[in-house]
Amino acid sequence: MKSLSARMVLSHLLVAVLGAVTTFFVVRALAPALFDASLRGNPNPGMGRGSAGQGQGQMLRDQFASAVDSSLLIGALIGVAAATILGVLLAYRIGRPLAALRRATKDIAEGQYQARVDVPKEIELAGLATDVNTLGAALAETEARRLRLLGEVAHELRTPLTVIDGYVEGMIDQVLPTTPANLSQISDEVRRLRRLGDDLSMLSKAEEGRLELHPARADLREVAERAAQRLRPQAEDAGITLVIEPGDVPLPAEVDADRLAQAVTNVVGNALRATPSGGRVQLRCRRDAGTGLIEVSDTGVGIAEAELPRIFERFYRVPGSRSVGDTGSGIGLTISRSILARHGGSLSAASAGLGQGSTFTLRVPLV
Ligand code: ADP
């Protein structure tokens with residue numbers, strides 16, 4: 001018998017029957033002795049001491065025993081009936097939510113992530129139901145993000161491909177001259193495509209923990225400064241003051257300088273894109289106990305508190321945040337954070353709120 005419901009009803013029945021049998025034997029063993037003792041202590045005045053009296057006593061004893069048997073039988077029947085009813089009720093109460101949970105997990109396994117179960121009153125079942133609901137919600141979000149990613153990747157691919165297609169067609173039809181300027185437009189778009197490909201492959205490596213590092217001794221100040229300097233032309237074009245303060249304290253660390261520079265470039269690039277013309281982006285390096293800090297602060301659009309933890313998620317972009325500059329793929333911070341994590345460090349963000357600018361801090365352990 002494998003059904004939990006049947007087992008519950010049976011176990012109730014078994015307890016009731018065992019209870020009844022035990023009671024029967026205990027009562028049958030004790031009751032006559034007690035009855036005799038009671039008769040001896042309080043002899044019926046009408047009952048003589050002779051053999052007639054003994055016969056009467058035996059009759060009373062038999063009647064009493066039969067009354068006890070009948071009462072025990074009625075009690076046992078009531079007990080068994082009650083146990084069966086309670087067992088069935090309990091089996092129903094547990095069986096129903098379990099069946100709902102099974103249905104929901106089956107739906108989720110089939111890709112219907114919106115399936116939810118009502119949370120039952122029983123604590124253990126309620127915990128299980130809540131977990132299944134959380135699982136469904138998490139899978140639904142992952143699926144939504146995956147679909148959005150596909151849309152975004154398709155969109156990111158389409159724009160440069162359309163431009164390349166336009167130029168190449170124009171040149172084939174001799175509507176556009178094959179000049180270095182036109183060819184360099186094509187080359188820019190090809191580079192954009194390659195960057196997207198690199199970002200995507202890096203993301204998958206980072207997520208699988210396969211990001212390769214080639215660590216070597218370097219001064220964090222130099223890595224950070226070099227990376228930020230590369231964005232100076234971009235800052236100047238956007239009318240933003242880029243201040244780089246590497247500081248006087250050496251920050252020696254074992255790092256993969258290229259990867260770390262990539263994280264710095266991403267954070268500074270984000271700061272530049274989030275800052276309107278006339279604003280300021282500042283990079284500072286300092287030492288905090290055994291850690292080297294690279295802090296990038298800006299006077300840009302800022303980040304609402306609720307968005308702060310989310311910006312590190314894959315493909316997450318603060319809705320409507322990119323009023324300044326172009327839109328990224330939402331992968332940069334995810335990759336940067338895993339680069340820092342692989343170095344035993346961290347990447348965190350802080351902002352006093354929308355319109356208040358933001359500060360990103362890269363922490364790397366020093367040697
Ligand atoms: P991308 O820059 O490619 O969109 P990121 O992962 O680098 O992706 O950033 C995720 C999101 O975090 C950005 O889309 C932006 O909304 C927000 N963000 C990042 N840096 C800043 C910043 N300095 N100020 C305001 N918002 C920022």
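The values are calculated or read from the model by the stated rules, or taken from the named source; none is laboratory data. Predicted model only: the values in this text are computed from it and were never measured. Ideal geometry is used to build each Cβ from the backbone, glycine not excepted, and the neighbour counts take in all protein chains shown. For the accessible areas, the whole protein counts, side chains as well, though only heavy atoms, and no ligand, DNA or RNA atoms are used. Shrake-Rupley method; radii C 1.70, N 1.55, O 1.52, S 1.80 Å.
Under a 5 Å amide H to amide H cut-off, with H placed in plane at 1.01 Å, what residues pair with V281 once short-range neighbours are removed?
Correct list: T241, L242, V243.
Can you give me the orientation-averaged projected area of the convex hull built on the Cα atoms of region 4-110, in nm²?
8.3
Could you give the spread of the C-alpha atoms of the chain along their three principal axes, from largest to smallest, in whole angstroms?
So the three principal-axis extents are 138, 59, 39 Å.
Can you tell me the 0 to 90 degree angle between the C-alpha axis of helix 180-207 and the longest principal axis of the chain, rounded to 10?
So the helix axis and the longest Cα principal axis differ by about 30 degrees.
I need the per residue convex hull volume for region 216-365, using only the alpha carbons, in cubic angstrom as a whole number.
It comes to 98 Å³ per residue, whole-number rounded.
Which order do the peptides 155-161, 218-224 come out in when sorted by mean C-beta neighbours inside 10 angstrom, highest first?
Ranked by mean Cβ neighbours within 10 Å, highest first: 218-224, 155-161.
On the accessible surface of the chain, probed at 1.4 Å, how many percent belong to carbon and sulfur atoms?
Carbon plus sulfur share of accessible area: 59 percent.
How large is the helix-only mean residue ellipticity at 222 nm for the chain, computed as the sum of -39500 (n - 2.57) over DSSP H runs with n ≥ 4, divided by its residue count, in deg cm²/dmol to the nearest 500?
After summing the helix terms and dividing by the residues of the chain, the value is -21500 deg cm²/dmol.
Under a crude label model (7 Å from the Cα following the beta-carbon direction), how far is R232 from S187 in nanometres?
2.4
Per q in 0.12, 0.21 Å⁻¹, report the Debye log10 I(q)/I(0) for region 126-234, using one uniform scatterer on each alpha carbon and no solvent.
Each listed q corresponds, in turn, to -0.78, -1.14.
Please report the accessible area of V88 (heavy atoms, 1.4 Å probe, ligands and nucleic acids excluded) in Å², nearest 10.
Solvent-accessible area, nearest 10 Å²: 80 Å².
Specify whether the C-alpha gyration tensor of region 115-156 places it in the rounded, prolate or oblate class, a ≥ b ≥ c being the square roots of the eigenvalues: rounded for a/c under 1.5, otherwise prolate if a/b is larger than b/c and oblate if not.
Prolate shape, in that a/c is at least 1.5 and a/b is the bigger ratio.
For region 261-268, in order, what is each residue's ³J(HN,Hα) by Karplus, 6.51 cos²θ - 1.76 cosθ + 1.60 with θ = phi - 60°, in whole Hz (x at glycine and Pro)?
Along region 261-268, the couplings run 4, 4, 5, 5, 4, 5, 5, 5 Hz.
Which angle between 0 and 90 degrees, to the nearest 10, do you get for helix 51-109 versus the longest principal axis of the chain when only C-alpha atoms count?
Between the helix axis and the principal axis of the chain, the angle is about 10 degrees.
What list of ³J(HN,Hα) couplings, whole Hz, do you get for region 351-367 from phi and the Karplus terms 6.51, -1.76, 1.60, once you set θ to phi - 60° and write x for glycine and proline?
Couplings: 7, 6, x, 4, x, 9, x, 9, 10, 10, 10, 9, 10, 10, x, 8, 9 Hz.
For the chain, what is the accessible area per residue in Å² when the probe is 1.4 Å?
Dividing the accessible area of the chain by its residue count gives 59 Å².
How high is the FRET efficiency between V153 and Y92 when r is their beta carbon distance and R₀ equals 51 Å, given to the nearest 0.05?
0.55
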